Every structure is written in structure tokens, then in C-alpha cells.
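Read through the structure below, which is laid out as C-alpha cells, and then see the notes.
The values are calculated or read from the model by the stated rules, or taken from the named source; none is laboratory data. Just so it is clear, the structure is predicted and the values come from calculations on it, not from any experiment. Virtual Cβ from ideal backbone geometry, glycine too; neighbours counted across all protein chains shown. Protein only, heavy atoms only, side chains kept; ligands, DNA and RNA dropped before computing areas. Shrake-Rupley method; radii C 1.70, N 1.55, O 1.52, S 1.80 Å.
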Amino acid sequence: MTKIHKINALEILDSRGNPTVMVSVALNNGITASACVPSGASTGIREAVELRDGDAKRYGGKGVLKAVANVNQLIAPKLKGKSPHAQKEIDALMCELDSTENKSKLGANAILGVSMAVARAAALAAGHPLYRHLRSLAELPSEAGWVLPAPMVNILNGGRHAANNVDFQEFMVFPIGAPTFKEALRYAAETFQTLKEMLQTPTRTTAVGDEGGFAPDLEGNEEALAMLVRAIARAGFDPGRQIALALDAAASEFFEGGEYVLSKSDGTRILPAAMAAFYGDLINDYPIFSIEDALAENDWEAWKPLTRRLGDRVQLVGDDLFTTNASVLARGIQEGIANAILIKPNQIGTLSETFEAMAMARKAGYATIISHRAGETEDTFIADLSVATNSGQIKTGSVCRSERTAKYNRLLAIEHELGDQAQYGGALFRFTSKDKQSTPSN
Amino acid sequence: MTTLQKITALEILDSRGNPTVMVSVALNNGITASACVPSGASTGIREAVELRDGDAKRYGGKGVLKAVANVNQLIAPKLKGKSPHAQKEIDALMCELDGTENKSKLGANAILGVSMAVCRAAALDLGIPLYAYIRKLHGGKAAAPYILPAPQMNVLNGGAHATNNVDFQEFMLFPIGAPTFAEALRYGAETFHTLKKLLQKRGLVTSVGDEGGFAPNLKNNEEAVELILEAIREAGYEDGKQIALAIDPAASEFYEDGYYVFKKSSGMRRHPIEMVELYSRWIERYPILSLEDGMGEEDREGWKALTNALGNKLQLVGDDNFVTNPKIFAEGIRDGIANAILIKLNQIGTVSETLETVAMAEKAGYCTVISHRSGETEDAFIADFAVGTGAGQIKTGSLCRSERIAKYNRLLAIEKELGKKGRYGGKP
């Protein structure tokens, strides 16, 4: 029987130069596999805990030697001799060993690294590509087929992560009208390069932020939206039909004292009850097909009317709101909040729990978007995860910086490998009402 | 016998969002391996040619479908059935098939992708790490300790790649005083984060360029150096002893009609001899241990003067002037130009030719610095290449962006795997 022979962790660096955990698993048949754990910038209050050393003498307290030691000394001995194919059992065992609600004892960074590396080793042992192995764990119907995700490509930034006058955090191009993933990526890359040309002046920088987006000095939110529409058109694509827009408002960041305060742009204060009308106007004026974290994570009451009023016109994604947590999502489904969920494995900490949240979302008719984090690595696990689960959508940053492009490259390779079996997710996207497909004049 | 069964190429994206080539190799025993090709921004005039489609309807003409087709249709049939262990033969065969001096027919991007992927497949077939296999190809002593390279980390930028008043292109941290590679990386990362805080405090931008460095609006070249030194000290390190500096002025970029013109800062014109004097003053004032492309690639007299004056005081690295080419480099050695060479696989286009250039450098007593390109990928081949050749130094960008960090992470893993069989390169 194939067994786990050795598990080893190492402190490496993520794409922002902060320490993170790499886990390597060796099986008794000589197969080895490894996985690297991502790290979030705006970690929601309900997320699983990333264990950091707090030793100010190393990496400003951000070292992960404790998490590494937890893998090597606490987790490894418990898993030695187990079958790598027993993913559920292994994940449950680690949760039990941790015993806290939010994985704060062993660290979600330690646990997730092992969870992913075990899955990869099991795939190699079975002689399957990772996405096929993950499909067997995800419990999808056998006739499901293979869907390559439509990418939400974050190329323009505002909010807390940018020094400009834009309140919303991410402005994404969403090439849903492409025939294949490969073409979708080209649509996005050409739009990105066109935007770069539009922004470049002798005095204006086109350097990029953590996720590879630009953060130029803009007057406000609408200027950012208009600029993206212009870039799409100038690159030769049809805004709204070939390439739509997706927005991540990250509204928790500007929710103050019961009001949404657009302090970076014009200082407008909007009451929660008026936010549906506010977004309604934006989706009338721009081809926005998806809005993430439109309201704050602790503003549940306002999420209900927002979903009632806009939920059939636009995808409303919960990220900070749900934190990939099945029990939080269950409450959201029951109360009719949002209609899509952002899936980040490290928000919950094991693959099995990630699959659980996704299965629940599928059952409730919620769309799923597999997502990267701001602090990423060269690991492309989420590319395989998105194909395995037919998430239909992926969010993995801009079209530069290899922690982002590595995921796109992996999807190119998967699409190539699947050939005729592959279907592009853009065609399945359901929030494309007729009135939004008209092309704005330029 | 193990043979090459299938070779396929795919168009993927590099770290700047431009197309590049990925090659996958399958052996007849089921082993598969792949490799991704990097791409340079400032391609020297004598470099091997990156084949691009020129079809303006795709990727602004930068598509690589021709190079992909060359791998699939021209190279793959010729190599099928060959042993993956015949690296030299395979590389020579591709050069022959190309038939040009600069690999412009098949494309250096097509050829190098195959060369690297075959190399990786051969290592897997032998069941040894890639760096150990590269050492074998290079004829290195099996029993000798492996050297983990000292990194030159590009954290602050000027020149053609930045909109500021700094003429020189790259200002790098060079953590030569660390006991191990892992510690060297920590020195670098902590200094990088400290530098970011210093910039934020002054209200300067902290978004990053192609290689992950900052390009804040600074007055001149001196201010850039002073700022880095401040960051090193503020991070708690001793400048010069624990962390030295390495500079890449990329002087070809501001060499005009026999003079070096500081357009971006003071506007001053300097004769080559005045440049030598400037560098002399700088190494008196600042802990600079390495100077790359200190003179323009066309300015051979300037290079000779620089080497004569400072060659015994610091490392003088040739990049644009040598372009990793054994023939061009041989002329440089003969003329006594520089004392170190930057090694970029895609400047010459095959693993074998690159190893030949490294061997030539070793024989002539030149130091070698293994280097990334500005358009990189998630492929960490050069990390293994640096350890396998015992180069002692690597240049692979800043402390952010995973096309850079992936190489550092691979070196961390190699250092851990080697344990006592590895030691840190440190000062050249």
C-alpha cells in the first residue's frame, strides 16, 4: 500500500518577500510532492489564523518557524504511515490535533501546506494530473465535464492598497466572451498592455502593486471604470460583450459608523439602505457583471435588500463576508445574502473543508470563484482546483508577476491537455442580461 | 535505452504579460519535464534572437507561435529517439538545424526551451537533482562541496526603466557577510522591507518595476546609494561587512558619441576617463563590491581603462559586451576587459554553449554571475544552474514577485537538501 513516509516543512518567501510555508511529502514508493501556502493582505475577522513567530529579530516578527516546527514535529509523526488517498481523514486528523475553531494552535499555514502537498502526492501516485485527482475528492457528478474558468483579471487598483483617489479596491477585466481560456487570456493581456500605454507618460509611473495592477492617480471611481472601458475598446475588444468588468469594492474598508464613506474620492456618505441604488446606477452606466464585497462583512442587514434588488442582474460575491467557511455560508444562503462566494483555501485551512463550502454553494445555486491571495507563491494549485471543481471562474490577479501568471500558464497547459474535452467557463456565466450587452459609445 | 519520445511546445506568458515558450519533454519511460524560456528587455545587439511572430493582431506582434511551431514541427522530429543524456549532441544538432550565427531561423526561444527541458528530463531519469546533473555536464568534481550563490538583489532602479532622475539602472544589495544562503536572503528581505518603509515615510511611491525594485523619484545617483545604505543600517546590518552594494549602471544606455551623458540627473557629459574617476571616487565613498556594464558595450578603450584602473579593487562584470558568447568573450579576455561575466542562458541559446562560456571564464580567472532576465517565468532553472556550475553568485531580482522569489526559494530548498555538503559563496 502507498503510504506517507516523510513530511517536511521549510520557511520560504512569498511574492511580497514575506516568509511562508512550503511542505514536502515523500511517499514510501519514492514519489515526492510539495506545496506552498499563500498569505492574505486583508485577512477577514472570521478567517483561519496564519501562525507567525512574532520574533521581531527575524523578518519583523513575520517568520514562520513555529508553523514549520508544527509540521515537522506535531503533524508529520501523526500522518506517517497513512495513505495519501485518505484526504478527508488526514484533514480531519489535523483539525482534531489543532482543536481550535480557527486553527490558531498549529496554524492554518501549517495545516493547509500539508493538506495540499498530500493531495499532490496522491495524484502523482495515481498517475493522474492534479485536477483529475481533485475532481475525485470534490464529489462532482461524473457527467460534469471539464470547465476552464473565466478569469477576473485585476489590472487597476484603488482603496487602501493604492495612493490615489479611488475608493474601490479592484477593477477587473472579465473576458467572458472569449471562445477559449487561451483566447480569454490574450484578450486580458492585450487590454493590460494597452492600459499601460495609456498610462505611461514621462512623469507617470506604470509600476505595479502586489497583485500586478496599476494604481495611477485618478479622480475617482467612475474615472477608473471609464478608463477600463476605453482600454478594452482601444485594444480592439467589445466592452460588455467580449470583455466585461468585475469590481471588488472591499466595502468593509470604507464602512465607518454605519455609513459607507467614499473618503478617497469626493467624500460622499451613503447609508446602507441607499447602496443598492448606488450600485444600480453604476451597473446601468458600465458593463459591470460582478461585484465583490459590495457591502461590509458586518453589515448583514443591508446585504439582504441589496441581493433582492440587484441579485438577478449582477453577480454579488461574498469574500470577507463568507471567508470560505461553510457554516457562515449556510447562514448567508438561508438569509438570501449574495449569490456567489469567493473560495480561498487558506481562509479555511484544509482542502476537505474547501470542498465542503463549494458543495454547499453549488447546491444552493451560488456561483463559485476560486481565488488567490495578495501574498502568493509560484505554486499553481488553485488552477487545478478551479478545473477540478468546475468553479467556472478564477481570480488570480493581473497579467504580470509570475505568482499570478503561473496560474494562467497552468490553465493554458490544462486546456491544451484536455483538448476537445475542455469547455470555457465564460459561456456559462449567467449574469449577462440583454441590457448590459450593449456597447457603450466611445 | 531511455530515449526522447515526445517534445511539445506551448505559448505561455512571462512575468510582464508577454508571450514566451514552454517546452515539455516526455521520455519513453514515462518521465516528463518542462521548461519555460525568459525574455530580455535590453537585448544586446549581439544576442541570440528571440523569434516573435510579428502578427500585430495577436499580442501586439509579440506572439511566439512560430517558435512553438518550430519546436513541434522541426526540432521534435529530429530529436525523437535520441538519448536525453546526450545534451551536447542535442544542442549541437539544434544549432546545425538552425544554421544561422544568432539562432534567428528557429529562434533562441525555441532552442533554449528544448535544451533546458531535455536537461531536466535527463536529471529526473538519473534520479538526481538538476543541480547535480548540471555539475556532471560541467565536469565538476563529484565530491567537492556545492556552493550556494551570493545573491545580487536589485531593489532600487533608475535608468531607462524608471521615471526618475537616476541615470544608473540597478542598485543592488549584496549580502556577502551572511553565514548561509537562507540568512543572506533574510538580510536582503528585511532590508527591502525597511527600504519600503523609508520610502513611505517620505511620501514616495512603493509600487514595483519589472524586476521587483522600487523606482522612487530621487534627485540623482548618489541619493539612491545613500538611501540603500540608510535602509541597510536601519534594518540592523553593517553596510560593507554584512551587506555590500552592487551597481549596474547599464552604461551603454547613456553612452553617446564617445561620452557618457547623465541626461536624467545633472545633464553632465563625461569622457570615459572621467567615468573611471567617478567610479574610483564612488568605491572610496561607498561599499561597492561589484560594477556591471560600467562602460558602454561599444567603448572597448573605456573598458580597458576601467579594468586597468580598478580591476584589482572590485568585480567588473561584463553583460552587454560579452552576451554569454564564447567567441565574443574570448576577445574580451584577450584584451583584458573586465574580470567577471554575467551569464544568461537565453543570450546564447543552449545549455551546452552556456556551460562552455562558464568553463572559459573559470580558465581565465573571471568570476561568473548567473542571471535572470527582466521577462522571467516561474521556472527556477537558473537556481540549479548556479549551484551546478559553482558560479558563486546569482542575480535574480528583488525580494518580491514570484518570478524572482521562485529562484530564491529553490536555492533555500537546495541548501536544506545539501546540508553540510553545501556552503555559502559570500564575497567574490
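Of all DSSP bridge pairs formed entirely within chain A, close to 55 percent run antiparallel. Rounded to the nearest whole angstrom, the semi-axes of the ellipsoid equivalent to region B:139-287, taken from the Cα gyration tensor as √(5λ), stand at 28, 21, 14, largest first.
About its Cα centre, the protein assembly as shown has a charge dipole of approximately 2020 debye under the convention of +1 per Lys or Arg Cβ and -1 per Asp or Glu Cβ, with nothing else charged. Across peptide B:414-422, the average count of Cβ atoms from other chains found within 10 Å of a residue's Cβ is 1. Inter-chain neighbour count for A:11-23: the average number of beta-carbon atoms from partner chains within 10 Å of each residue's beta-carbon is 6. For region B:285-389, the dipole from Cβ point charges (+1 on Lys and Arg, -1 on Asp and Glu) about the Cα centre works out to 460 debye, to the nearest 20. Per residue, the protein assembly as shown exposes 35 Å² of solvent-accessible protein surface, assessed with a 1.4 angstrom probe and all protein chains in place. For region B:28-121, GluC sites (Glu not before Pro) meeting the loop criterion (DSSP other than H, G, I, E, B) and having at most 13 other Cβ atoms within 10 Å: B:101.
Remark: mean inter-chain Cβ contacts per residue of A:406-417 equal 4, using a 10 Å Cβ-Cβ cutoff to other protein chain atoms. Report summary: the helix-based calculation at 222 nm, which adds -39500 (n - 2.57) for every DSSP H run with n ≥ 4 and divides by the residues of the protein assembly as shown, gives -11000 deg cm²/dmol. Residues whose amide H comes within less than 5 Å of that of residue B:244, counting only those at least five positions distant or on another chain, are B:174, B:176, B:177 (H built at 1.01 Å from N in the peptide plane).
One Cα centroid belongs to region B:141-186, the other to region B:91-129; the line between them spans 28 Å.
Sparse packing (at most 14 other Cβ atoms within 10 Å of the Cβ) combined with a DSSP loop state is found for the following trypsin sites (Lys or Arg not before Pro) in region B:44-77: B:57.
Toward the positive end of the charge dipole of chain A, with +1 on the Cβ of Lys and Arg and -1 on the Cβ of Asp and Glu, the farthest Cα among A:275, A:265, A:95 is that of A:95. 3J(HN,Hα) along region B:142-159, derived from phi through the Karplus expression 6.51 cos²θ - 1.76 cosθ + 1.60 where θ = phi - 60°, amounts to 4, 8, 5, x, 7, 10, 7, x, 6, x, 9, 9, 7, 10, 9, 10, x, x Hz, with x in place of Gly and Pro. For residue A:176, the residues whose amide H sits under 5 Å from its own are A:244, ignoring neighbours fewer than 5 places away on the same chain, with H placed 1.01 Å from N. Each 20 Å bin from zero holds the following percent of Cα-Cα pairs in the protein assembly as shown: 15, 49, 32, 4. Heavy atoms of chains A and B lose about 3100 Å² of accessible surface on contact, summed over both sides with a 1.4 Å probe.
Beta bridges per DSSP, both residues in region B:248-405: antiparallel share near 25 percent. A simple spin-label model places pseudo-atoms 7 Å from Cα toward Cβ; at residue B:88 and residue A:93 they are separated by 5.0 nm.
Phi-derived couplings, Karplus 6.51 cos²θ - 1.76 cosθ + 1.60 at θ = phi - 60°, listed residue by residue for region B:298-310: 7, 8, 5, 5, x, 4, 5, 4, 5, 5, 4, 6, 10 Hz, with x used for Gly and Pro.
Beta bridges from DSSP with both residues in the protein assembly as shown: antiparallel share about 55 percent, rounded to the nearest 5.
Calculated on C-alpha atoms, the gyration radius of region B:374-428 divided by its Kirkwood radius gives an Rg/Rh of 0.96. With the simple model of a label 7 Å out from the Cα in the direction of the Cβ, residue B:241 to residue B:269 spans 4.6 nm.
Dipole size of chain A about its Cα centre, with +1 on Lys/Arg Cβ and -1 on Asp/Glu Cβ: approximately 1160 debye, rounded to the nearest 20. The loop-placed chymotrypsin sites (Phe, Trp or Tyr not before Pro) in region B:203-299, going by DSSP, include none that has at most 10 neighbouring Cβ atoms within 10 Å of its Cβ. May I ask which residue of B:163, B:179, B:144 lies farthest towards the positive end of the charge dipole of the protein assembly as shown, with charges of +1 (Lys, Arg) and -1 (Asp, Glu) on Cβ and the Cα centre as origin? The one lying farthest along the dipole's positive direction is B:144. Between residue A:105 and residue A:309, the FRET efficiency from the beta-carbon distance, with R0 = 45 Å, is close to 0.60. For the pair residue A:57 and residue A:29 in one chain, pulling the backbone fully straight at 0.36 nm per residue adds 6.0 nm over the alpha carbon distance.
Sites counted here are GluC sites (Glu not before Pro) in a DSSP loop (not H, G, I, E or B) having no more than 11 other Cβ atoms within 10 Å; the longest part of chain A that contains none of them is A:144-442.
Positive-end ranking of A:146, A:180, A:127 along the dipole of region A:112-198, with charges on Cβ about the Cα centre, is headed by A:127.
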